[in-house]
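I have a structure here, written as structure tokens, and I will follow up with some questions on it.
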């Protein structure tokens, strides 16, 4: 039975079985290769996407569960070639290495900042908050510190922009 | 392929619809909630092969309702929801801590309390010891109506329940918990991924002389099934809530646990760390 969902803003229909993990549908049917299949156990975070605004591990989510949902992958973040704030910060801090884990890292951080913005409107997290948000994303290249620094610079940027707007 | 040709999926839109679907599918039916545990089955060389009935679209199962008597938690409430909504309910502290620290954020957004209770082969479910310490009751729904079990009884019989049933709600008694403080501690290891190698949840009340009136200690991940540490509870009742003394006694009693071997940690290690973990849970309870 075809399953309809909104994928990166477009209405799409999948013909995969509803028990197929979402990550396989994204990669094999819609050719969105940002989400990676690595551990398939929800440990590594390489397959992280957003469903209805929440970060989820797409390896453990059956397609049937996202019928009618709004699914966003890393491919949706840059619009007209302009990177989103999290992506930009990663480039500026030279935090990207092999790239295997990065789409998941970026999606976790985008969901984290969106959530902070919704819940307290002033997204200035502590380093520990960023680390907690990334605890499900494993990187074997960087040692995390540059990633965390880059993430913290995102909130600094948002605050600077807000202060500028207010002055 | 993560599932066999025979497997099927049905997304129920109401509790009645779910019960009808479970009935129609008979013995091969299996309830699915967040699916984070079930979708790991192919990794264990067990392709999905059942007739799955998903509860994930039933709005009524995704609510936490606080009444005069109970905190009623729908079985499809996620760990993230629990962590957020229980922050305003200090009587549920152990459960809030368990939900806040389980797995990782992207799993917590999907994994459910009902799933934790029903994943029979998952010994490291964080929420179960917390619910045991808080004396939760589990409400099970079938075509015959609803039946409520003490959580420990539910865990003992959950595999014998008739196929056409599902966990509807989890109930926490507010009056019992009103005078209780609780806490939860887990020990993760890098090589164990997101599964804690030991879990301790504690709930205790003290009298006017600061002596322990009642205490419930639940231990998870050490053995195949979580269980209460009744010998230590019995020893502690009527004594002061002294973290060091209880931790010391826990060392004497730790051999009451068998431990389980797995790739994450050997049996002896799980038992060895248990008293220290209990001490951490008690210290957090006292400081809170």
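Since every read-out is calculated from the coordinates, none of them should be taken as a lab result. Source: prediction; values computed, not measured. In this analysis, Cβ positions are derived from the backbone assuming ideal geometry, glycine residues included, and neighbour counts consider all displayed protein chains.
Hey, what angle do you get for helix A:145-166 against the long axis of chain A, alpha-carbon based, 0 to 90 degrees rounded to 10?
Helix A:145-166 sits roughly 70 degrees off the main axis of chain A.
When DSSP assigns beta bridges and you keep just the ones with both residues in segment B:1-141, what percent turn out antiparallel, to the nearest 5?
So the antiparallel bridges in segment B:1-141 amount to around 30 percent.
Using alpha-carbon positions, what is the distance between the centroids of segment B:138-215 and segment B:242-262, in Å?
What the calculation gives is 20 Å, centre to centre.
Give the whole-number value, in cubic angstrom per residue, of the convex hull volume spanned by the C-alpha atoms of segment A:93-136. Can you show the working numbers first?
On the way: hull volume 3.4 nm³, N = 44.
Convex hull of Cα atoms, per residue: 78 Å³.
Still on this model: For segment A:74-112 and segment A:115-150, what is the separation of their C-alpha centers, rounded to whole Å?
If we compute the Cα centre of each part, the gap is 13 Å.
Helix A:102-120: angle to the longest alpha-carbon principal axis of chain A, degrees 0 to 90, nearest 10?
Tilt of helix A:102-120: around 70 degrees.
Pull out a ≥ b ≥ c, the square roots of the eigenvalues of the alpha-carbon gyration tensor of the protein assembly as shown, then state rounded if a/c is under 1.5, prolate if not and a/b is larger than b/c, and oblate in the remaining case.
Details: a/c = 1.75, a/b = 1.25, b/c = 1.40.
In terms of gyration-tensor shape, oblate.
Pull out a ≥ b ≥ c, the square roots of the eigenvalues of the alpha-carbon gyration tensor of segment A:70-158, then state rounded if a/c is under 1.5, prolate if not and a/b is larger than b/c, and oblate in the remaining case.
Judged from the Cα gyration tensor, segment A:70-158 comes out rounded (a/c under 1.5).
What relative contact order, as a whole-number percentage, does segment B:43-181 give when Cα pairs under 8 Å and 6 or more residues apart are counted?
25
Can you give me the Kirkwood hydrodynamic radius for chain B, using every pair of distinct Cα atoms, in Å to one decimal?
Its Kirkwood hydrodynamic radius stands at 19.5 Å.
Would you mind calculating the relative contact order of chain B from Cα pairs under 8 angstrom and at least 6 residues apart, reporting the percent as a whole number?
15
Can I ask one more? Quote the convex hull volume per residue of segment B:168-288, based on C-alpha atoms, as a whole number of Å³.
Numbers: hull volume 14.4 nm³, N = 121.
Per-residue hull volume (Cα only) is 119 Å³.
I'd like the antiparallel share, as a percent to the nearest 5, of DSSP beta bridges with both residues in the protein assembly as shown. Each step should come with its number before you reach the end.
On the way: 52 of 63 bridges.
Approximately 85 percent, going by the DSSP bridge assignments.
Follow-up. May I ask for the angle, rounded to the nearest 10°, between helix B:243-253 and the longest principal axis of chain B, with both axes built from Cα atoms and the value confined to 0 to 90°?
That works out to roughly 70 degrees.
Still on this structure, please answer the following. Take chain A, connect every pair of alpha-carbon atoms lying under 10 Å apart with a spring to form a Gaussian network, then pick out the residue of A:80, A:28, A:115 with the largest mean-square fluctuation.
A:80
Could you quote the convex hull projected area for segment B:121-191, Cα atoms only and averaged over all directions, in nm²?
For segment B:121-191, the mean projected area of the Cα convex hull comes to 6.2 nm².
Which order results if B:149, B:166 are arranged by neighbouring Cβ count within 10 Å, fewest first?
Ascending Cβ contact count within 10 Å gives the list B:149, B:166.
Which order results if B:64, B:91 are arranged by neighbouring Cβ count within 10 Å, fewest first?
If I rank by nearby Cβ atoms, fewest first, I get B:64, B:91.
Of all DSSP beta bridges located in segment A:1-76, what percent are antiparallel, nearest 5?
Numbers: 12 of 14 bridges.
In segment A:1-76, DSSP labels about 85 percent of beta bridges as antiparallel.
Another one. Of the candidates B:263, B:206, B:271, which one comes out as most mobile in a Gaussian network treatment of chain B with C-alpha springs shorter than 10 Å?
So, out of B:263, B:206, B:271, the one fluctuating most is B:263.
Still on this model: With just the Cα atoms of chain A, tell me how far they stretch along each of the three principal axes, in Å, largest first.
For chain A, the Cα spread along each principal axis is 54, 36, 28 Å.
Then there's this: Reported to two decimal places, what Rg/Rh ratio describes segment B:243-288 when computed on Cα atoms with Rh from the Kirkwood expression?
On the way: Rg = 11.8 Å, Rh = 11.2 Å.
Answer for segment B:243-288: 1.05.
Is the C-alpha gyration tensor of segment B:45-160 telling us rounded, prolate or oblate? Criteria: a/c under 1.5 is rounded; beyond that, a/b larger than b/c is prolate, otherwise oblate.
Rounded, since a/c falls under 1.5.
Would you order B:235, B:37 from fewest to most other beta-carbon atoms within 10 Å of each residue's own beta-carbon?
B:235, B:37
How many Cβ atoms of partner chains, on average, are near each residue of B:31-40 if near means within 10 Å of its Cβ? Mind dumping the intermediate values first?
Values: counts 0, 4, 1, 5, 7, 7, 2, 3, 13, 6.
Mean number of neighbouring Cβ atoms from other chains: 5.
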